[in-house]
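To start, the structure under review is shown below, and the notes come after it.
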Amino acid sequence: MTVQRGRHFLQIPGPTNVPDRVLRAMDAPTIDHRGPEFATLTLSILEGLKSIFQTAGDVVIFPSSGTGAWEASLVNTLSPGDKVLMFETGHFAMLWQRMAKTLGLDAEVVPGDWRHGVDPAQVENRLAADRKHEIKAVAVVHNETSTGVTSRIPEIRKAIDRAGHPALYMVDTISSLASIDYRHDEWSVDVTVAGSQKGLMLPPGIAFNAISAKARAATKSSRFLKSYWNWEEMIAANKSGFFPYTPATNLLYGLHEAIRMLLEEGLENVFARHARLAEAARRAARAWGLEILCLDPAEYSNTLTALLTPEGHDADRMRKLIAERFNMSLGTGLGKLQGRVFRIGHLGDFNELMLAGTLAGVEMGLSLAGIPHTKGGIQAAMSYLVDPHGKEKDDRAASNIQRTSKTGVSK
Ligand SMILES: Cc1ncc(COP(=O)(O)O)c(C=O)c1O
């Protein structure tokens, strides 16, 4: 195997690059998770998470991947046979739906083309037709990591309200939390599902549920058997800063630091940074002449961009060449998009020069793989990053006019 030097570019849409500050924070002796120092750590983290999820309610932390938090959202609030309204936005939405079916829920899936988010009008129509209120939950993936499409969570909330339907609203924010604006309370979400390995800039291994009062109340009538995922035991133990079983202690050190970093930057700035870098990536894509999978600009993802390769050109072959030659990982096409799509992750601990390096790797990979494209994607991205509002040109034009009027001669 060839030895590769320099830092690996981990540009899959999660797990993301773990910042040094988080790595250093985790590099510490594991402490007694039943001791006072640990309780202080937990209570501080639980407080910080409220800011990240934008909620005043309960947030629970499981030592698990995001899939565990999916399961927790369903088994704590629902009962076998309950109807759940789900949407085919992509690979992850379909996995959540498969889990719901496996658990014995009646998952009704609104079909989709994997290029659009959830349509609020469809939600409203379906719920309005459900006069007997058989649908107990509406489950939406906020940012479909397989397609780079972001569903409009507040608009879907309004659609549920317009239909006057009491279903619980569950949202998967695994690849959006702490990167794309998300407000658990303001948007009246009942259960938010999240994971550590994307916007939170941690390694994989912990997952979250933010829980509304309505979702908490639903646990009383839930008839699913649950033990590991039981919110009530978790919330009771968390009150004094402890867990009902052994928590992921060192990941929690990392989480504590990651929350500090996010709040230092300010969530607004975190969202703006992701929006800026995402727009630059899309400009590169357009300059290359590659098609963005997401069809509606209002639903472009700010955490990843999925690009289609032209018919007959295998995206995975290009990804492999890039990994071998330039030490960079890009996301593969998932499910039915295998070979047709590659995904550029631009989230987490990520900045302009990391994006430029990433785009350089892609542009070289396109050439190596013989994929038809126009050169200059990086230039398009750089021009945008230097001058996002197209101001530079206007300012120059304005100062030229001033100079012309003073001297009568344009310099
Ligand atoms: C949107 C979304 N939902 C769910 C998952 C599954 O999470 P995990 O792989 O951590 O179990 C992922 C993983 O990437 C995801 O991106």
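Cross-link partners of LYS391 among aspartates and glutamates, defined as those whose alpha carbon lies under 19 angstrom from its own and excluding same-chain residues fewer than eight positions apart: GLU279, GLU352.
Given a Förster distance of 30 Å, report the FRET efficiency between LEU23 and GLU311 from their Cβ-Cβ distance, rounded to the nearest 0.05. Computed FRET efficiency for LEU23 and GLU311 comes out at 0.10. Please figure out what share of the DSSP beta bridges in the chain is antiparallel and state it in percent, rounded to the nearest 5. So the antiparallel bridges amount to about 50 percent of the total.
Run the numbers for ILE31 and GLU265: contour at 0.36 nm per residue of separation, minus the present Cα-Cα distance, in nm. Before the final figure, lay out the partial values.
Details: separation 234, 0.36 × 234 = 84.24 nm, distance 2.88 nm.
Length difference between fully extended and current span is 81.4 nm.
Rounded to the nearest 500 deg cm²/dmol, what is the calculated helix-only ellipticity per residue at 222 nm for the chain, with -39500 (n - 2.57) per DSSP H run of length n ≥ 4? Helices in the chain give a 222 nm mean residue ellipticity of -13500 deg cm²/dmol. Available extension along the chain between ALA129 and THR2 is 39.7 nm, counting 0.36 nm per residue and deducting the alpha carbon span.
Beyond 27 Å between alpha-carbons counts as too far, so tell me which of LYS158/LYS226; LYS101/LYS336; LYS50/LYS132; LYS101/LYS132; LYS50/LYS198; LYS132/LYS220 fall in that bin. Each step should come with its number before you reach the end.
Working: LYS158/LYS226 32 Å; LYS101/LYS336 20 Å; LYS50/LYS132 35 Å; LYS101/LYS132 22 Å; LYS50/LYS198 18 Å; LYS132/LYS220 21 Å.
Table pairs above 27 Å Cα-Cα are LYS158/LYS226; LYS50/LYS132.
If you take all other residues with their beta carbon under 13 Å from the beta carbon of GLY357, and give Lys and Arg +1 and Asp and Glu -1, the sum is -1. Over all other residues within a Cβ to Cβ distance under 13 Å of PRO244, the charged ones net out to +1, with Lys and Arg as +1 and Asp and Glu as -1. Counting only other residues whose beta carbon sits under 12 Å from that of TRP96, what net charge do I get with K and R as +1, D and E as -1? Overall, the nearby charge balance is -2.
Here the simple spin-label model places points 7 Å from the Cα toward Cβ, and for ASP185 and THR102 these points are separated by 3.5 nm.
Computed from the coordinates by the stated procedures, all read-outs in this text should not be read as laboratory data. The structure displayed is predicted, hence computed values, not measured ones. Here the Cβ is made from the backbone with ideal geometry for all residues, glycine too, and neighbour counts use every protein chain on show.
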